[in-house]
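Structure record follows, encoded as structure tokens.
The values are calculated or read from the model by the stated rules, or taken from the named source; none is laboratory data. What you are looking at is a predicted structure, and each value in this text was computed from that prediction instead of being measured. Ideal geometry is used to build each Cβ from the backbone, glycine not excepted, and the neighbour counts take in all protein chains shown.
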Amino acid sequence: MCLGIPGQIVEIVDEANCLAKVDVSGVQRMISIRLLAEEGLQPQDWVLVHVGFAMARIDEEEAQLTLAAVQQLGEAYRTEIEAFDTSSIV
């Protein structure tokens, strides 16, 4: 199962290549923000992350509600966090 998980942007690492570091449930990874290049994303913004890409900008309330719902999925949530933890964009 593949899930979109809320992540908070920690840092815009490479603006030219649209790369940002996000925090997803305590796991920090580099993701592409290219699909949202026109959004003007900044640190502290929340995005919905799927397979290493920010798919949508969301507000903090939506992020918290989504995280709570996803955590109720149990094993699927843990598997997704493990996959996120072992992935990287270089």
Considering the stretch 1-28, residues that are touching a residue at least 60 places away in the same chain (Cβ under 8 Å) and assigned to a strand (DSSP E or B), and then whichever is farthest from the chain's Cα centre (by Cα), we arrive at LEU19
Quick check on the stretch 29-41: of everything there that is of a type in the set (A, V, I, L, M) and in a helix (DSSP H, G or I), which residue is modelled with the lowest pLDDT?
ALA37
Keeping to the stretch 1-55, report how many residues are more than 24 Å from GLN72 (Cβ to Cβ) and of a type in the set (Lys, Arg).
2
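Select from the stretch 42-75 the residues that are farther than 17 Å from VAL22 by Cβ and outside any helix (DSSP H, G or I) and write down the one among them that is modelled with the highest pLDDT. Write out each step before concluding.
First pass over the stretch 42-75, keeping only residues farther than 17 Å from VAL22 by Cβ: 61, 65, 68-69, 71-75.
Going one step further and asking which of them are outside any helix (DSSP H, G or I), we end up with 72-74.
Working: GLN72: 79, LEU73: 72, GLY74: 69.
Residue satisfying both the conditions and the ranking: GLN72.
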When the stretch 30-51 is checked residue by residue, the ones that are exposed (fewer than 15 other Cβ atoms within 10 Å of the Cβ) and in contact (Cβ under 8 Å) with a residue 24 or more places away in the chain are GLN42, PRO43, GLN44, VAL51
Reported set for the stretch 1-29 where residues are among the basic types (Lys, Arg) and exposed (fewer than 15 other Cβ atoms within 10 Å of the Cβ) is none
